[in-house]
Each structure stands twice: as C-alpha cells, then as structure tokens.
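Undergrad: If you scroll down you'll find the structure; I have some questions about it.
Each reported figure results from applying straightforward, stated rules to the coordinates on display, with no laboratory input. On a predicted model such as this, the values are computed, not experimentally measured, just so you know. Please note: Cβ atoms are built from the backbone with ideal geometry, for glycine as well, and neighbour counts cover all protein chains shown.
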Amino acid sequence: MSTKNFDVVVIGGGPGGYIAAIRAAQLGFNTACIDEWKNDKGGPAPGGTCTNVGCIPSKALLQSSEHFDHANHHFAEHGISTGKVTMDVAKMVARKDAVVKQNNDGILYLFKKNKVSFFHGRGSFAAAKDGVYEVKVAGAAEELIVAKHVIIATGSNARQLPGAAFDEENILSNDGALRIGAVPKKLGVIGSGVIGLEMGSVWRRLGAEVTVLEGLPTFLGAVDEGVAKEAFKQFTKQGLKIELGVKIGEVKTSKKGVTVAYANAKGEAQELAVDKLIVSIGRVPNTIGLGAEVVGLKLDDRGAIEVDGDCKTNLPNVWAVGDVVRGPMLAHKAEEEGVAVAERIAGQHGHVNFNTIPWVIYTSPEIAWVGRTEQQLKADGVAYKAGQFPFLANGRARALGDTTGFVKFLADAKTDEILGVHIIGPMASELIAEAVVAMEFKASAEDIARICHAHPSLSESTKEAALAVDKRTLNF
Ligand SMILES: Cc1cc2nc3c(=O)[nH]c(=O)nc-3n(C[C@H](O)[C@H](O)[C@H](O)COP(=O)(O)OP(=O)(O)OC[C@H]3O[C@@H](n4cnc5c(N)ncnc54)[C@H](O)[C@@H]3O)c2cc1C
C-alpha cells in the first residue's frame, strides 16, 4: 500500500465534496478527493447522488417527458399537428445516461484543471496521530492518504420502508425509478415529497396511472399553504391520484407486481395493486464504512455527523458538509457548505446563509420558494403584508401558453423587508433567483417593485407581486 501526503482530503465526490476539493485546491492546498461511485463499466463516476441518481438524471427525464406531454397535448393549440406521438423509453433513458456521463466527465476534467488528486474507492479513517489523519482508500488499488484536514461529504441514501426492502425491480428507490425500462401501466409512489412528485410526474406524463400515498394529513406541509393548495389542484387535474393521511401496511411483491395494503385517512382498509412501486419517504445520512468509530467521530441520533454552525465536527480539523449533516438535503446547500469549509480552512470567513436557500420542485407547474411561508410567519407572530399576482395576467405567460399559478410576496408589515417569496408556475425555478438575491441583500418589496423588469417576461409577475404588497398593480 502506497502512502501519499496531502493538506486536505475530501471523502465523497458529490456536490458537497467535489466543490470543496476544487475550492481547497484553488486556495493553494494540496488536495485529494476520494469517491467510490462506479459507472456501469466499473469506472469512476464522481458527482454523487446529485449527478448519478438525483438532480441531473431526474431533470433529464422530466424534460423528455415534458416534451412528450407537450407534443401530445399542447402542440395543437399552436397549430402544429403531428402523427401519433410515440415514446422510445430506452432512448430517453440512454439520453439521460449520456447527460449524466457528461457531468461525470466534467468533474474529472475540473479535478485535473484545478490539480485535485482523485482516488476512486472507499475512504475510511485508519488512524489519527501526530496531528494528522490517515485515511485508507479501498479501490482498484489500496492507498493510504495522510492529511491534516479532512472534509467528509459522504451524502445520504434512500430510506427503506420497513418490511419492503428495495429490489430496484419492483420496489424502487430513486435509483430504480430513474431506470424503469418501459412505462408501467400502474405506478405507486409512497411519499409525496419532492422526489415522489418529480418521479411520479415523469411516468404519469408518459402514460402511467400514478397513485401517490402520503402518510401525513397535509400535502406539501413545508410549502406555503396557498401554493400547496394550488399544486394539489393542478396535480389532481393532471391525473395524479394523491391520497393523504394513509397508514401503510404490508407490501407484497409477486410476478405480477406489488400490492400495498394500507388504511386510508378514515381508517378503512385498502389495497393498491401496481406494476412498480417507488418508495420516496426521505433519505438517511450515509456514514457506512467511514470508520467514524476508529477516530471517535461523533454522530447524532439520526446517524448524521454532528457539526456546529461552521461544519466543524467534534474532531480537530475534521469537517462535514452536505446531506451527511443537519439542514436541508439539497445539492446547492452542500455546495455552499463545501466552499465555506475550504475557505475556513484557509482562515477566511466562509459564508452560508440558511435563510436564503432556495427550494425547487421541478414538476409542472414548477414550485419554488425562499424564506418563510405564510403559516410560519403566523406561527412566529410576525406582522406581515402579502402580495400575489397570477400568471394568468402576464402577457409572456399567455404567449407561452402556460398561465398556471402565481407569485406571492411576504414582507414585514413595518419595514417592508422581504420575508418570503413563493412561486408556482412556469419557470419558477429560474424566477426564484431574483428573490434569493433580493433577500440576501435585505431588499424591501418596494425595491423589487421599483426595479425595471424586461417586457414581456414572466419576471414581471414578480414585480407585480411586490407591488401588490402595497395593494398596487400596473398590469405589465
Ligand atoms: C431523485 C433525486 C432528485 C434530486 N433533485 C435535487 C434537485 O433538483 N436539487 C437539489 O438541490 N437537490 C436534489 N436532490 C438532493 C441532492 O441530490 C443531494 O442533496 C446532494 O446530492 C447531496 O450532496 P452530497 O455531496 O452531500 O452527497 P452525495 O451527492 O450523496 O455524494 C456523496 C458521495 O460520496 C460517496 N461516498 C460515500 N461514502 C464514501 C466513502 N466512505 N468513501 C468514498 N466515497 C464515499 C458516494 O458514493 C457519493 O458519490 C435530489 C435527490 C434525489 C435522490
């Protein structure tokens, strides 16, 4: 086993880890990044869950299925007629795989460009002695890496339903849900969170009959109530069957598919028979095989690595970022923490503002928000003003042929500071960036209302919603 010395070693090459490694190298540290993800040929596939079985492939399939949906249901409104539109699922999945590979290769290129040494294999703590850490890499070759600073970014894994382990054939995690080879006639989804709704949308658009079973009595509880209500209406109209407040019982698989016994919200016994079942009931921080116990790295009772506000663990010079620590399981949160930690190691003031992390659900309509919801402001006893503007009254939305939803502003009643912005509608994922910038700079609703927005653009609805906070409208 060869031994190599570095200033910083990053364990995990997802968005938290690979970004931390690149930033550390840019700051002048001799940096290594270890990642164990394998592509189907056994080669390295850095980028973690996000690149391989998360953000990127899901958005690729959402895009393909949206094109299919448009061709089937919306082209005619534009005077475009086609013959029978068909979908080649194998080709769609192959395109998704090609997009993933471009991202894997892009990360390997960035490692080279920034002089990050990449090690393909599993990293685990071997020892802590003389002010340095020894990290063993088990991969094609065995290596021992010695470094003063360690950044852990080992991510998360899909949570299994007790008694219904993932077989990725009938009972699918996000991994299997992104690799279904043919459109199932009936698809069940347990959990109506972001992943369940995005995956359910892909296969519904392609023709599956989709039923979503959710244990909680409210739909999208973390989302602003007004937005969640509109989302429920739109998804139901599209044909997604959503049952709330259910209690899942026994899940059985057979040659024919999967049956789920459950009690509905009234407590009545029900059974759902489907060809495939996606289980998306949350994710579990991943510290498997890390050797946390070897060096005495402290985990919390959820199994996440315990960190303070700066991502410091209980061990000197050991940091942890991303899904494996507290906070929202989002790729951009992991990236921000990765950059901040590299900068803190360099003695700089790394900065992550948890109040301005945007959230997006890439369904149709898209849902995006930043800051507090109306129900949170009420619970916190904050005096606020609200302004809302529908896309129905937006010229660009009409020209696009997508007038669903609205933009909603919540501002402090006294100071007019923006406290939350909630969007449901076309391009919400892109529109939310303006609200994030505004909140980061502590802007008031009036600031947004006074800024010139291009005409015709969807962003005029953002301006109108800001104006509506003061009960004004200009109807751009
Ligand atoms: C279907 C789906 C869709 C999603 N869509 C979005 C989205 O649109 N936007 C968004 O912000 N977030 C999305 N997410 C969440 C996002 O993927 C995660 O928040 C993000 O990947 C977390 O990054 P990370 O770096 O902490 O961990 P990960 O991306 O999980 O990366 C961890 C890496 O560490 C490696 N690793 C683990 N242990 C070891 C070890 N001991 N040695 C070596 N390597 C190890 C793993 O193999 C992996 O490559 C989605 C997730 C899923 C499942």
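Undergrad: On full extension of the chain, what length is gained from Thr415 through Leu474, given 0.36 nm per residue of separation minus the C-alpha to C-alpha distance?
TA: 19.0 nm
Undergrad: I would also like to ask the following. How many angstrom lie between the Cα centre of segment 148-222 and the Cα centre of segment 1-64?
TA: 23
Undergrad: Quick one: Ile418, Ile288, fewest Cβ neighbours within 10 Å first, how do they rank?
TA: In order of increasing Cβ crowding within 10 Å: Ile288, Ile418.
Undergrad: Another question, then. Where the centroid of each part is defined by its Cα atoms, how far is segment 385-461 from segment 365-384 in Å?
TA: 14
Undergrad: Rounded, prolate or oblate: which fits the chain, taking a ≥ b ≥ c as square roots of the Cα gyration tensor eigenvalues, rounded meaning a/c under 1.5, else prolate when a/b beats b/c?
TA: It comes out oblate by the Cα gyration axes.
Undergrad: Please work out, to two decimal places, the log10 of the ratio I(q)/I(0) at q = 0.11, 0.12, 0.15 Å⁻¹ from a Debye calculation in which every Cα of segment 290-418 carries one identical scatterer.
TA: -0.61, -0.69, -0.90
Undergrad: Once you compute Rg and the Kirkwood Rh from C-alpha atoms, what is the Rg to Rh ratio for segment 155-232? Write out the running numbers ahead of the final one.
TA: Numbers: Rg = 13.3 Å, Rh = 13.6 Å.
That ratio equals 0.98.
Undergrad: Mean shadow of segment 255-355, computed from the convex hull of its alpha carbons, in nm²?
TA: 10.6
Undergrad: Counting other beta carbons within 10 Å of each Cβ, put Lys247, Lys256 in order, fewest first.
TA: In increasing order of surrounding Cβ atoms, one gets Lys256, Lys247.
Undergrad: State log₁₀ I(q)/I(0) for segment 204-325 at q = 0.14 Å⁻¹ as given by the Debye formula over alpha-carbon point scatterers of equal weight, solvent excluded.
TA: Debye curve over Cα of segment 204-325, log10 I(q)/I(0) at q = 0.14 Å⁻¹: -0.83.
Undergrad: According to the Kirkwood expression over distinct Cα-Cα pairs, how big is the hydrodynamic radius of segment 390-471, in Å?
TA: Computed over segment 390-471, the radius equals 12.5 Å.
Undergrad: Hey, what did segment 329-374 get for relative contact order, percent, Cα under 8 Å, at least 6 apart?
TA: Dividing the mean separation by the residue count of segment 329-374 yields 24 percent.
Undergrad: Report for the chain the percent antiparallel among DSSP-assigned beta bridges with both residues inside it, nearest 5.
TA: Percent antiparallel among DSSP bridges in the chain is about 60.
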